[in-house]
Amino acid sequence: MANPFTNPAPQILPSILSADFARLADDLADAQAAGGDFPHIDVMDGHLVPNLSLGVPIIARLREVSTSFFDVHLMIDAPLTYAPAFVKAGAQNITFHVEAPEVKSDLVGAAKEIRKLGCNVGITLKPGTPIDTVFPVLDYVDLVLIMSVEPGFGGQKFMVDMLEKARRIKPMLKPHQKLEIDGGISPTTIRQARAAGVDWFVVGSALFDAKDRKAAIATMRSELAAAR
């Protein structure tokens, strides 16, 4: 499997939080066949964010049937405790929150520990957290994820004011680092996000709920190409 961190092209990541969990593997394969690049996997513990989603066993089972790169977003209180199990299950990028109680006092140390597991490392923050919170850890991560909704549930409205965070952080990133956005990304918002400097676009309901997923992806690709 190719590591997307070496790919300069914008990437569209199907968010399996919006998939049909009764047929998860098939639904993900269908989204990728429609043009999605690789999955974004949201892990929620019901503490850091107000929802529960999925855990290590589901990722391990998906890995058995998929050769895709797995971008795993740990919305949990204790990312250091659980990161080894997620990497063993198949995660290749682990993104953790600056607000997580286990790591917020030493974000750099957390990033270093996760990297020791042999995976890429991302940092993210809730909409209400100032963007400068991530500045001290930028040299130790491969990715910055901007949340453009309150994390916890899919199908929320895009928070356009979060693009200011993207515009601020993009010039600070090195060429090998990626800027990702998650929340409310659709054919009508993806161009704005691209214009703000985003590289990776997490797409949930706008893809999985589309009557024609291939057409939805094609429209988003067209919007990305038109972004300035």
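Every number here is computed from the coordinates shown, using simple stated rules; none is lab data. Worth saying up front: this structure is predicted, and the values here are computed from it rather than measured. When we count neighbours, we look across all protein chains shown, and the Cβ atoms used for this are built from the backbone with ideal geometry, even at glycine.
Please compute the length gained on full extension between residue 33 and residue 176, using 0.36 nm multiplied by the number of residues separating them and subtracting their Cα-Cα distance. Spell out each step's value before the answer.
Numbers: separation 143, 0.36 × 143 = 51.48 nm, distance 2.69 nm.
That pair, residue 33 and residue 176, stretches by 48.8 nm at full extension.
What net charge do the residues around residue 77 carry, taking every other residue with its C-beta under 14 Å from that of residue 77, with Lys and Arg at +1 and Asp and Glu at -1? Before the final figure, lay out the partial values.
Details: positive: 104, 126; negative: 45, 99, 102.
Net charge in that neighbourhood comes out at -1.
Checking the cross-link filter: which lysines have an alpha carbon closer than 17 Å to that of residue 170, excluding same-chain neighbours under 8 positions apart?
178
For the chain, what does the helix formula give at 222 nm: sum of -39500 (n - 2.57) over DSSP H segments with n ≥ 4, over the residue count, nearest 500 deg cm²/dmol?
Values: 8 runs with 71 residues, N = 228.
One gets -8500 deg cm²/dmol as the mean residue ellipticity at 222 nm.
So how far apart, in nm, are the two label points at residue 2 and residue 138 if each is 7 Å from Cα heading toward Cβ?
Here the answer is 2.8 nm between the modelled labels.
So which aspartates and glutamates pass the test for residue 157, namely a Cα distance under 12 Å, with those fewer than 8 places away in the same chain ruled out?
The reachable aspartates and glutamates, counting only those whose Cα sits under 12 Å from residue 157, are 182.
From the phi angles alone, apply the Karplus equation (6.51, -1.76, 1.60; θ = phi - 60°) to region 211-227 and give each ³J(HN,Hα) in whole Hz, x where the residue is Gly or Pro.
With the stated coefficients, region 211-227 comes to 5, 10, 5, 4, 5, 4, 5, 4, 5, 5, 4, 5, 5, 4, 5, 8, 5 Hz.
For region 156-216 and region 68-141, what is the separation of their Cα centres, given in Å?
20 Å
Given a Förster radius of 45 Å and the C-beta distance between residue 105 and residue 61 as r, what FRET efficiency does 1/(1 + (r/R0)^6) yield to the nearest 0.05?
Values: r = 34 Å, r/R0 = 0.77.
FRET efficiency, residue 105 to residue 61: 0.85.
Take the Cα radius of gyration of the chain and divide it by 2.2 N^0.38 Å, with N its residue count; two decimals is plenty. It would help to have the intermediate numbers written out before the result.
Numbers: Rg = 16.0 Å, N = 228, 2.2 N^0.38 = 17.3 Å.
So the chain has a normalised radius of gyration of 0.92.
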